[in-house]
Amino acid sequence: MGIISRGFHGRSRDGDVKLPPGQYLTHDFPVLSAGPTPRVPLERWEFTVTTEAGQVHRWSWQDILALPSVTPTVDLHCVTKWSKLGTNWQGVSLDVLLADVETAADYALVHSYGGYTTNLPLEDLLDGQAWIAYRYDGEDLMPEHGGPARLLVPHLYLWKSAKWVRGIQLLLEDEPGFWETAGYHNYGDPWREQRYQGD
Amino acid sequence: MTERDDAYRDGNSLAGPLSEIFAVDVTAAGGRCAHCGLTGPVATMRVYGSAEAMVGRCPGCEEVMMRLVRGPDAAWLDLRGTVTLRIPLPPD
C-alpha cells in the first residue's frame with residue numbers, strides 16, 4: 001500500500017522536480033546527528049505515548065511489529081538544504097498508535113534514545129502524515145538513519161523526524177525541543193522555508 | 001548503549017564559527033560541564049552536526065555542553081550545559 005504524504009502534490013516527475021525554496025536535490029542519504037548513535041537492544045526497546053494526565057501507553061518491539069504497517073513513499077527535506085525524493089519506508093501510522101489514547105492535548109514532544117527531543121502540533125502526527133518507521137528501502141532501518149525505529153513526519157523539515165524514537169509526550173502547552181530551543185524554527189515547514197526562529 | 005565511537009570532530013572546529021561571535025578564541029577557554037563537572041578546553045569537546053548547527057559534547061559524559069546554530073543573519077549560542085568558561089587573558 002503506497003501513501004504519498006500530503007504537501008508534495010506540486011512535484012512532477014524527475015527532470016521537472018519541484019523542490020521547496022532553497023533546497024537542492026540529492027540521491028544519497030546524508031547522515032546528520034546531534035550526538036553519538038544510540039544502540040538499543042530490541043529486547044529492551046520500547047515506544048511509549050504519555051498523555052497530559054500521565055497515562056502511559058507502551059509498545060514493545062514485538063508489539064510494534066504486530067501492528068498493521070504501511071509502506072509510505074515520501075520526499076525528505078533537511079534544513080541543511082538537501083532534499084531526497086521518493087524514499088520508501090515501512091512503519092506504523094501514528095493514527096494506529098494514537099487511536100485508543102484519550103487526550104485533550106494540542107502539542108507533542110517527541111523523545112529519542114540518546115536524549116534528543118523535538119516538538120510539533122499533535123495534529124501534524126495524525127491523518128496519515130506520520131509514522132513510526134522501522135524499515136527503509138526494504139531493509140531494517142540502519143542505526144545511523146535512526147534504527148531500530150524513527151519518527152517519520154516528512155511534511156516538516158527532517159529534524160522533526162526524530163531518529164531513535166522512544167516516545168511521544170502529549171502536552172496541553174507547546175514545549176520546544178532540542179533544536180527549537182537553539183534557534184531553529186518552532187514548526188519547520190520546508191515549503192514556507194521555516195528554518196530559523198523568525199523565518 | 002554506545003558500542004562504537006561515532007564520527008565527530010574535535011572542538012577546534014568551533015574556532016571559526018565562534019570567532020565571529022567572540023573577540024577571543026573561545027576554543028582555548030576552559031569549559032566546565034554542567035552535567036559531570038569535567039573541566040577542559042573547549043577544543044576537547046566532541047562536535048557533532050553540520051556547519052549550520054553544531055553540538056559540542058563533553059568528552060567525559062557525552063552530555064551537551066554547547067549548541068551553536070548559524071542562520072543567514074544571526075547565530076544562536078546555547079551554553080546551558082556549560083557552567084563556566086574560563087577565558088585566559090593577558091595579565092593586567
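Computed values, structure above
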read-out	value
Chain A: Cα Rg divided by the 2.2 N^0.38 Å rule of thumb	0.97
Per-residue Cβ neighbour rank within 10 angstrom, fewest leading, B:CYS33, B:CYS61, A:CYS78	B:CYS61, A:CYS78, B:CYS33
Region A:5-134, relative contact order [Cα under 8 Å, separation at least 6], %	24 percent
Relative exposure of A:LYS81, A:LYS160, A:LYS18, judged by other C-beta atoms within 10 Å (fewest first)	A:LYS18, A:LYS81, A:LYS160
25 °C / 0.890 mPa s Stokes-Einstein diffusion coefficient of region A:71-175, Kirkwood radius on C-alpha pairs, µm²/s	178 µm²/s
Relative contact order for chain B, counting Cα pairs under 8 Å that sit 6 or more residues apart, in percent	25 percent
Shielding by partners, peptide A:29-39 (average Cβ within 10 angstrom, other chains)	6
Cysteines, the protein assembly as shown, no other Cys beta-carbon under 4.7 Å	A:CYS78
Within the protein assembly as shown: Cβ-based charge dipole about Cα centre, in debye rounded to nearest 20 (Lys, Arg +1; Asp, Glu -1)	600 debye
Around B:GLY11: net Lys/Arg minus Asp/Glu count, Cβ-Cβ under 15 Å	+2
Taking N as its residue count, the alpha carbon Rg of region B:9-84 over 2.2 N^0.38 Å	0.98
Range in chain B, longest, excluding exposed GluC sites (Glu not before Pro) [loop by DSSP; at most 14 other beta-carbon atoms within 10 Å]	B:21-92
Cβ-based exposure ranking for B:VAL26, B:VAL42, in which fewest neighbours within 10 Å come first	B:VAL26, B:VAL42
Net charge of Cβ neighbours under 15 Å - reference B:LEU85; Lys, Arg +1; Asp, Glu -1	+2
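A short reminder: the numbers here are calculations on the coordinates, not readings from a lab. What you are looking at is a predicted structure, and each value in this text was computed from that prediction instead of being measured. FYI the Cβ positions are ideal-geometry reconstructions off the backbone, even for glycines, and counts take in every protein chain you see.
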